[in-house]
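Provided herewith is a single structure, encoded as structure tokens, for subsequent inquiry.
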Amino acid sequence: MSVPRFWRQQVQRYNLIGTHCESCNEYYYPPRNTCPFCRRGGELEPYKFKGDGEIVSYTIIHTAAEGFEHQTPYVLGIVKLDEGPRLTSQIVAEIDEVDIGTRVRPVFRKLGESGENGMIYYGTKFTPV
Amino acid sequence: MRDVAIIGVKTTKFGEMWDRSFRDIVVEAGVGALEDAMVYGESIDSIFVGNMSGGQFVEQEHIGALIADYSGLAGELHVPSTRVEAACASGGLALRQGILAVASGHNDIVVAAGVEKMTDVSSSSASTALAAAADREWEGMMGATFPGLYAMIARLHMHRYGTTSEQLAQVAVKNHENGSMNPIAQYRSKISVEQVLKSVMVADPLHIFDCSPITDGAAAVVLAPADVAHEYTDTPIYVKATAQASDTIALHDRRDLTTLDATVSAANRAYDMAGVGPKDIDVVEVHDCFTIAEICAIEDLGFAEKGQGGKFTEEGQTAIGGSIPINTSGGLKACGHPVGATGVKQAAEIVTQLRGEAGKRQVDGAEIGMTHNVGGSGATALVHILSRDR
Ligand SMILES: [Zn+2]
């Protein structure tokens with residue numbers, strides 16, 4: 001799996017910066033250029049999420065995606081941030097610490113690397129509070 | 001818009017075909033469908049080919065032209081040929097584009113085909129190619145896999161509705177039972193609930209036997225205006241509805257993880273267009289890329305109440321002989337899932353059922369059938385309704 005070079009340029013990944021629509025008061029992460037509700041009528045501003053949230057659903061990946069083989073088994077979850085938006089992320093935890101509804105907070109972690117000598121890339125994972 | 005009929009169908013053998021090439025299997029399907037329809041090349045106005053990832057699986061793009069060429073329709077006849085892509089719904093979308101071309105009056109005889117050759121690369125490369133149908137940047141880069149995304153749907157469905165691993169397994173058991181009666185199916189062996197539950201865990205709670213396989217295969221149908229369909233065949237099958245809908249590409253952005261809103265939307269449009277409801281459908285091919293996907297489809301297409309898909313399966317209502325036989329072909333699970341071909345194969349199976357030619361897996365007196373083809377984790381859905389009567 002090749003990692004796009006722009007990965008490191010995207011501060012949103014490290015800092016949980018998304019967007020907030022001033023028109024309808026919805027929050028978006030990943031950031032959006034157009035509000036899915038107001039569409040052209042939306043007024044989007046950058047917004048830094050507090051990062052607290054809860055697990056909506058999760059799985060334990062045993063057969064990994066390419067580049068994630070060394071991490072198995074790993075917990076993958078969908079996290080709902082307190083401001084509303086949901087995102088997919090790895091959950092850094094023991095398997096029995098994770099359940100639907102578990103409260104989590106963000107941690108900055110290595111996500112993977114492209115090949116043995118390839119670029120290491122980082123991002124946000126979550127861990128139980 | 002004109003009424004459209006399907007006048008010929010052909011599905012190749014599904015499975016691991018290391019001795020056959022990509023172009024080989026498409027031509028077999030295309031020629032077979034034309035023979036079934038008794039149509040000659042000179043009559044063909046256009047071709048639509050569903051293919052998801054030829055570039056990644058066999059390093060071949062420009063697939064529309066390739067297929068026109070190797071079908072003998074490019075040189076001299078110069079028949080226009082278009083490749084259509086919507087991940088695992090590519091075949092269903094090719095079918096829809098073909099139907100629209102005939103319905104609009106722009107074309108008369110159209111071939112809609114689907115093809116994928118997936119076993120020429122390693123299974124991890126195949127998984128990577130498939131994962132490209134999810135949101136690469138915000139799902140794939142986090143370590144998400146397709147089984148992983150569907151596993152999260154399954155986990156929440158179980159948590160909220162009490163769906164059990166045994167009920168999921170029963171989907172696989174039923175589809176293998178059906179596949180055992182289908183000569184073209186990749187897996188023709190029956191399996192037990194216990195075998196599913198004991199198989200290797202891929203993404204908890206989904207075992208390997210909850211997942212559809214990596215498959216080579218192709219399928220094709222021939223479409224014609226309904227007014228002239230009888231000139232070609234005694235058993236034309238009429239297209240009563242074609243519907244397509246989109247949803248967010250990332251699973252995490254959905255209104256409700258356990259409902260594929262694109263399926264609900266496409267189904268509602270199709271029911272309206274055909275003037276029928278779920279109770280009128282006699283046989284269905286649904287997109288069971290994972291066992292939980294069939295459970296969701298049962299609910300989203302309106303055959304069972306939300307949350308009751310597992311129980312509905314457990315009761316045997318989706319088996320041949322049940323109240324709504326689902327995936328008589330063996331589904332994606334047992335028949336196999338060559339991603340770009342699946343949507344066309346589903347239509348070929350329903351046509352075979354409505355003609356009464358399905359042999360041991362025939363649903364008695366089937367008159368109205370449905371196909372349901374999904375791309376990604378639900379970002380694209382296609383629903384078609386086919387009927388023996390115009
Ligand atoms: Zn807005």
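The values are calculated or read from the model by the stated rules, or taken from the named source; none is laboratory data. Please read these numbers as outputs of a predicted model, since none were measured by experiment. Positions of Cβ are backbone-derived with ideal geometry, glycine not excepted, and every protein chain shown enters the neighbour counts. Side chains included, ligands, DNA and RNA excluded: accessible areas come from the protein's heavy atoms. Shrake-Rupley method; radii C 1.70, N 1.55, O 1.52, S 1.80 Å.
Yes or no, residue by residue, for (1) more than 14 Å from chain A (Cβ to nearest Cβ); (2) in a loop (DSSP other than H, G, I, E, B); (3) within 18 Å of B:Ile320 (Cα to Cα); (4) in contact (Cβ under 8 Å) with a residue 40 or more places away in the chain:
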site	(1), (2), (3), (4)
B:Gly148	no, no, no, yes
B:Ala154	no, no, no, yes
B:His157	no, no, no, yes
B:Pro213	no, yes, no, yes
B:Ala219	yes, no, no, yes
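Quick one: in region A:29-53, which of the residues that are crowded, with 19+ Cβ neighbours inside 10 Å and assigned to a strand (DSSP E or B) is nearest to the ligand (Cβ to nearest atom)?
A:Cys35
Just give me the residues in region A:75-106 being free of Cβ contacts under 8 Å to residues at least 24 places away in the same chain and surrounded by 13 or more Cβ atoms within 10 Å (Cβ to Cβ), in sequence order.
Matches in region A:75-106: A:Val75, A:Leu76, A:Ile78, A:Thr88.
Okay, residues lined up against (1) at pLDDT below 95; (2) out of contact with any Gly (no Cβ under 8 Å at 6 or more places or on another chain); (3) within 11 Å of chain B (Cβ to nearest Cβ):
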{"position": "A:Glu113", "(1), (2), (3)": "yes, no, no"}
{"position": "A:Ile120", "(1), (2), (3)": "yes, no, no"}
{"position": "A:Gly123", "(1), (2), (3)": "yes, yes, yes"}
{"position": "A:Phe126", "(1), (2), (3)": "no, no, yes"}
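Check region B:26-47 and report whether any residue there is open to solvent by less than 50 Å² (accessible area, probe 1.4 Å), within 16 Å of B:Gly114 (Cα to Cα), among the polar types (S, T, N, Q) and in contact with a Lys or Arg (Cβ under 6 Å, 6 or more places away or on another chain).
No - not one qualifying residue is present in region B:26-47.
Right, something else. Under the condition of being without any contact (Cβ under 8 Å) to a residue 40 or more places away in the chain and charged (D, E, K, R), which residue from region B:25-48 is farthest from B:Thr82 (Cα to Cα)?
Pass one, region B:25-48, residues without any contact (Cβ under 8 Å) to a residue 40 or more places away in the chain: B:35, B:40-42.
This time we only want the ones that are charged (D, E, K, R), so: B:35, B:42.
Numbers: B:Glu35: 22, B:Glu42: 18 Å.
Among those that are without any contact (Cβ under 8 Å) to a residue 40 or more places away in the chain and charged (D, E, K, R), it is B:Glu35.
Taking the condition within 7 Å of another protein chain (Cβ to nearest Cβ) and either out of contact with any strand residue (DSSP E or B) (no Cβ under 8 Å at 6 or more places or on another chain) or away from the ligand (no atom under 15 Å from the Cβ) (or both), does A:Ile78 pass?
In short, yes.
Next question, about the same structure. Scanning region B:326-363 for residues that are out of contact with any Gly (no Cβ under 8 Å at 6 or more places or on another chain) and charged (D, E, K, R), which turns out farthest from B:Ser123 (Cα to Cα)?
Filtering first and then ranking leaves B:Arg355.
Scan A:Thr59, A:Thr63, A:Thr72 and give me the residue that is among the polar types (S, T, N, Q), touching a residue at least 12 places away in the same chain (Cβ under 8 Å), away from the ligand (no atom under 16 Å from the Cβ) and out of contact with any Phe, Trp or Tyr (no Cβ under 8 Å at 6 or more places or on another chain). Steps first, please.
Working: A:Thr63 fails: touching a residue at least 12 places away in the same chain (Cβ under 8 Å); A:Thr72 fails: touching a residue at least 12 places away in the same chain (Cβ under 8 Å).
So the residue among A:Thr59, A:Thr63, A:Thr72 that is among the polar types (S, T, N, Q), touching a residue at least 12 places away in the same chain (Cβ under 8 Å), away from the ligand (no atom under 16 Å from the Cβ) and out of contact with any Phe, Trp or Tyr (no Cβ under 8 Å at 6 or more places or on another chain) is A:Thr59.
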